[in-house]
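S.K.: Have a look at this one.
The values are calculated or read from the model by the stated rules, or taken from the named source; none is laboratory data. Model, not experiment: these values are computed from the prediction. Every residue, glycine as well, gets a Cβ built from its backbone with ideal geometry; the counts of neighbours run over all protein chains shown. To get the accessible areas, we keep the full protein, side chains included, count just its heavy atoms, and leave off ligands, DNA and RNA. Shrake-Rupley method; radii C 1.70, N 1.55, O 1.52, S 1.80 Å.
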Amino acid sequence: MNAYRAALLYFKPDGTAIYDADGLLVTTPNAQGIQEVLAIGPWPALKAGFAHVPVQHLLGRLIAPGFVDMHIHFPQVDVIGSPAEGLLPWLENYTFVQEARFDNEAHAREVADFFLDELQRHGVSTALVFGSSHTASVNALMDAGQTRGLRLIAGKCLMDRHAPDGVRDQTEQSLLDTEALIQRWHGKGRLGCAITPRFVPSCSDAQLAGAGELAARYPEVWVQSHVSENKDEIAWVQDLHPQARSYLAVYEQFGLLRPRSVYAHCIHLDDTDRQLLRETGAAAAVCPTSNLFLGSGFFDYAAADRAGHLYGLASDVGGGTSFSPFHTMLAAYVVGREGHTKTGLSLSPQQLWFQHTAGAARALGLQGLVGNLLPGCEADFVVLNPAATPLLARRSSAAQTLDELLFSLIVLGDDRAVEQCVLAGRQLSLPTIAD
Ligand code: GUN
Ligand code: ZN
């Protein structure tokens, strides 16, 4: 059993934040040997019940759930910060060029290690990841993920048309490879697989139909793709599928909307599309740093809430500009302000934090398992130092309310504030911090 005394942030099942300024988190191994949360709450209330457990005192630190990144591209580490007029030239001029390098296994292994180090350094303990179209690169990522103990969900990118040599795959083989990856990795430790059609323009009807068949055959496996990110992309889909009611409806037609389907962006949807997400249980991955960087547009939070469909936050590296959940939450706040001018609603820091932890976990169908620290959740958590930089120390120490404290971290925080990212309770390497 492990016990940590620190300030604690976690969420009620309805999404309301709970904050214990002086709290105790107790973890214990479950039947699979993974540390999970046994108890959490105020130190004065819990300390007597756990008097027999040695407590690690982390004075001045905040323990919060490990962050959940709903959409990120492993082979795009070297694409971050590549400027382009918009999505389609960005894909053509930078992204496909970098992704083509992942047919080289040594390169894939080197980047996999770097990528997973970055996720953990930034406090991300669960991620839904796009691989390249090369099976070996996904194997490299899964291998590395298994060693580290992240909750990693990944898939080989399906793209059998409108893509250059080096990244374009073969329809039949791509589906066989996807199934082989599922059989090799899905459910192994903390790993999961995702059926990963890149987006409608890069997938033939036969490939989308095959992906839909796999999605029906493996309901526990995730589906991930992109939708309605950019106006030129949408016009292209209209040309390719003139009979479809909308871009999103193409995925529906091929059986790719269901619980555990995650669609990045969802910017230019209409309300019928949003209802379709809600009815099918599919989720949106909101990628604000990417949408701002590529000039794609603004996710409509008010419309998503009206429809009541699932959504959560994501970095979308390398269209996104940062691995940092703090940067993503800040960008989401800015994007939410766009809607604020129309609706009078603005995102609170607690909502932003929820969207990148328990809310994202719920959107992935992993509620009660990750993204939160209620009893029974796997013990993935970050130890944050609200005094990590002089300015952050100054602002956070002046905070009078939880919102003010969380806002200081969202606006001023980055990887320097993440002292530890503990995966399934693997012991802290942090010394006890006492005064
Ligand atoms: N649409 C199709 N592929 C991609 C990608 O790699 N990144 C983003 N942001 N959008 C896409
Ligand atoms: Zn993406």
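S.K.: Pop a pseudo-label 7 angstrom from the Cα along the beta-carbon direction at both Glu338 and Arg426 and give the gap in nm to one decimal.
M.R.: Distance between the two pseudo-spin positions: 3.8 nm.
S.K.: Still on this structure, I have one more. Could you compute the FRET efficiency for Ser346 and Arg245, with r as their C-beta to C-beta distance and R0 at 25 Å, rounded to 0.05?
M.R.: On the way: r = 32 Å, r/R0 = 1.30.
According to the calculation, E is roughly 0.15.
S.K.: Testing the spin-label approximation: label points 7 Å from Cα along Cα→Cβ at Ser204 and Asp143. State their distance in nm.
M.R.: Going by the 7 Å Cα→Cβ label model, 3.1 nm.
S.K.: Tell me, what ³J(HN,Hα) does each residue in the stretch 377-383 have, in order and in whole Hz, if you take phi through Karplus 6.51 cos²θ - 1.76 cosθ + 1.60 with θ = phi - 60° and put x for Gly and Pro?
M.R.: 6, 5, 7, 9, 8, 10, 9
S.K.: Moving to a separate point now. Contour minus end-to-end for Ile234 and Arg278, with contour as 0.36 nm per residue of separation and end-to-end as the Cα-Cα distance?
M.R.: Numbers: separation 44, 0.36 × 44 = 15.84 nm, distance 2.10 nm.
Stretched out fully, the Ile234 to Arg278 stretch lengthens by 13.7 nm.
S.K.: What FRET efficiency comes out for the pair Leu59/Leu374, r = Cβ-Cβ distance, R0 = 25 Å, nearest 0.05?
M.R.: Details: r = 24 Å, r/R0 = 0.96.
Once rounded, the FRET efficiency stands at 0.55.
S.K.: Quick one: net charge of Asp239's neighbours, Cβ under 12 Å, K/R +1, D/E -1?
M.R.: Values: positive: none; negative: Asp232, Glu233.
Neighbourhood net charge equals -2.
S.K.: Pop out the carbon and sulfur fraction of the accessible area of the stretch 1-51 as a percent, whole number, probe 1.4 Å. Display every interim value, and only then the final one.
M.R.: On the way: 1260 of 2260 Å².
Taking all protein chains in place, the stretch 1-51 shows 56 percent carbon and sulfur surface.
S.K.: Sticking with this one: List nothing, just return the count: lysine pairs in the chain, 8 or more apart or interchain, with Cα separation under 30 Å.
M.R.: Numbers: Lys12/Lys47; Lys12/Lys188; Lys12/Lys342; Lys156/Lys188; Lys156/Lys231; Lys231/Lys342.
Qualifying lysine pairs in the chain: 6.
S.K.: Another one. About the Cα centre of the chain, how large is the charge dipole given +1 on each Lys and Arg Cβ and -1 on each Asp and Glu Cβ? Please answer in debye to the nearest 20. Write out the running numbers ahead of the final one.
M.R.: Working: 31 positive and 46 negative charges, 244 e Å.
Dipole of the chain, to the nearest 20 debye: 1180 debye.
S.K.: Please give the length that would be gained between Asp165 and Ala399 if that part of the chain were fully extended, namely 0.36 nm times their separation in residues minus their C-alpha to C-alpha distance (nm, one decimal).
M.R.: Numbers: separation 234, 0.36 × 234 = 84.24 nm, distance 5.44 nm.
Working it through step by step, the gained length comes to 78.8 nm.
S.K.: Another question, then. Which value at 222 nm does the chain reach when only helices count, each DSSP H run of 4 or more adding -39,500 (n - 2.57), with the total divided by all residues and rounded to the nearest 500 deg cm²/dmol?
M.R.: Working: 17 runs with 162 residues, N = 435.
Helix-only estimate at 222 nm: -10500 deg cm²/dmol.
S.K.: Okay, next question. Could you give the angle, 0 to 90 degrees to the nearest 10, between helix 171-185's Cα long axis and the longest principal axis of the Cα atoms of the chain?
M.R.: Between helix and principal axis, roughly 20 degrees.
S.K.: While we're looking at this one, here's another question. So who's got an amide H within less than 5 Å of the one on Cys157, skipping anything under 5 residues away but keeping other chains? H placed 1.01 Å off N, in plane.
M.R.: Gly131, Ser132, Ser133, His134
S.K.: Would you mind pulling out the separation of the Cα centroids of the stretch 104-137 and the stretch 304-382, in Å?
M.R.: Answer, in whole Å: 22.
S.K.: Relative contact order (percent) for the stretch 245-340, with alpha-carbon contacts under 8 angstrom and 6 or more residues of separation? Walk me through the numbers before you get to the answer.
M.R.: Working: 153 pairs, mean separation 26.0, N = 96.
For the stretch 245-340, the relative contact order is 27 percent.
S.K.: Tabulate in residue order the Karplus-calculated ³J(HN,Hα) for the stretch 204-219, using 6.51 cos²θ - 1.76 cosθ + 1.60 with θ = phi - 60°, rounded to whole Hz; enter x for Gly and Pro.
M.R.: 5, 4, 5, 5, 5, 5, x, 5, x, 5, 5, 4, 6, 6, 10, x
S.K.: Separate question: Specify which residue in the list His122, Pro201, Gly320 is farthest towards the positive end of the charge dipole of the chain, using unit charges on the beta carbon of Lys, Arg (+1) and Asp, Glu (-1), about the Cα centre.
M.R.: About the Cα centre, the residue reaching furthest to the positive side is His122.
S.K.: Compute the accessible area per residue over the chain, keeping the other protein chains in place, probe 1.4 Å, unit Å².
M.R.: 37 Å²
S.K.: Whole-Hz Karplus ³J(HN,Hα) for the stretch 162-170, in order, using 6.51 cos²θ - 1.76 cosθ + 1.60 and θ = phi - 60°, x for Gly and Pro?
M.R.: 6, 8, x, 3, x, 10, 5, 10, 9
S.K.: Distance from the Cα centre of the stretch 256-300 to that of the stretch 1-47, in angstrom?
M.R.: Cα centres, the stretch 256-300 to the stretch 1-47: 32 Å.
S.K.: Quick one: which residues, 5 or more positions from Gly318 or on another chain, have an amide H under 5 Å from its amide H? H modelled 1.01 Å from N in the peptide plane, none for Pro or chain starts.
M.R.: His73, Gln76
S.K.: Taking the mean number of other Cβ atoms within 10 Å as a proxy for protection, how do you rank 19-28, 132-141 from highest to lowest? Spell out each step's value before the answer.
M.R.: Numbers: 19-28: 19.8, 132-141: 24.7.
So the order, starting with the most tightly packed, is 132-141, 19-28.
S.K.: What is the packing order of peptides 167-176, 284-293, taking the mean over residues of other C-beta atoms within 10 Å and listing the highest first?
M.R.: Working: 167-176: 17.6, 284-293: 26.4.
Descending mean neighbour count gives 284-293, 167-176.
S.K.: Moving to a separate point now. Ranked highest first by the average count of other Cβ atoms within 10 Å around their residues, in what order do 143-151, 385-393 fall? Could the numbers behind the result be given before it?
M.R.: Working: 143-151: 19.3, 385-393: 16.7.
So the order, starting with the most tightly packed, is 143-151, 385-393.
S.K.: Report in % the part of the accessible area of the stretch 159-242 that belongs to carbon and sulfur, leaving out ligands and nucleic acids; probe 1.4 Å. Let's see the in-between values first.
M.R.: Values: 1700 of 3460 Å².
Carbon with sulfur: 49 percent of the solvent-accessible area.
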